[in-house]
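Coordinate-derived values only; no laboratory data. Every value quoted in this text rests on a predicted model; they were computed, and no experiment measured them. Positions of Cβ are generated from backbone atoms using ideal geometry, with glycine treated the same way; all protein chains shown enter the neighbour counts.
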Amino acid sequence: MFLHDYVLQFLPAKGKSTEEIVEAKEEARTVHEGLQKLKPDHKLVILLRGIHEFSVKETSQITGWTEAKVKVTYHRALKELKLILERDVACEFTRRVHNE
């Protein structure tokens with residue numbers, strides 16, 4: 001699944017409850033904030049490969065990187081984003097628990 005497919009699932013759709021829409025917007029905001037915390041190269045490769053769906057070859061041509069570097073950087077960027085999102089979600093959960 002491309003990253004934009006993941007983000008699109010959070011957009012409002014007919015038949016969703018208000019609570020589901022609010023949760024989806026919150027999750028999309030969390031992903032967006034996570035992207036902003038990435039190293040510039042990681043953010044770039046996620047935007048090109050994951051959001052805009054450029055191929056490895058196209059991304060290589062755009063960035064001037066080798067195809068191997070594109071693959072490695074994309075893998076590392078996704079790993080970094082996952083860690084950021086897991087940490088942010090855990091922090092948000094802890095904050096909510098302590099405020100209740």
Using 0.36 nm times the number of residues separating GLU23 and HIS52, minus their current alpha carbon distance, what extension gain do you get?
8.0 nm
Using θ = phi - 60° and Karplus 6.51 cos²θ - 1.76 cosθ + 1.60, couplings along the stretch 67-73 (whole Hz; Gly, Pro as x):
4, 4, 5, 4, 4, 5, 5
Going residue by residue through the stretch 21-30, the Karplus relation 6.51 cos²θ - 1.76 cosθ + 1.60 with θ = phi - 60° gives ³J(HN,Hα) values, rounded to whole Hz and with x marking Gly or Pro, of 5, 4, 4, 5, 5, 5, 5, 5, 4, 4
Per the Cauchy relation, a quarter of the hull surface: what is the mean projected area of the convex hull of the alpha carbons in the stretch 21-85, in nm²?
4.3 nm²
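Given the peptides 35-42, 68-75, 18-25, arrange them by the average over their residues of other C-beta atoms within 10 Å, most packed first.
68-75, 35-42, 18-25
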Please give, to one decimal in nm, the separation of the simple spin-label points placed at GLU86 and GLN61, each 7 Å out from Cα toward the Cβ.
3.7 nm
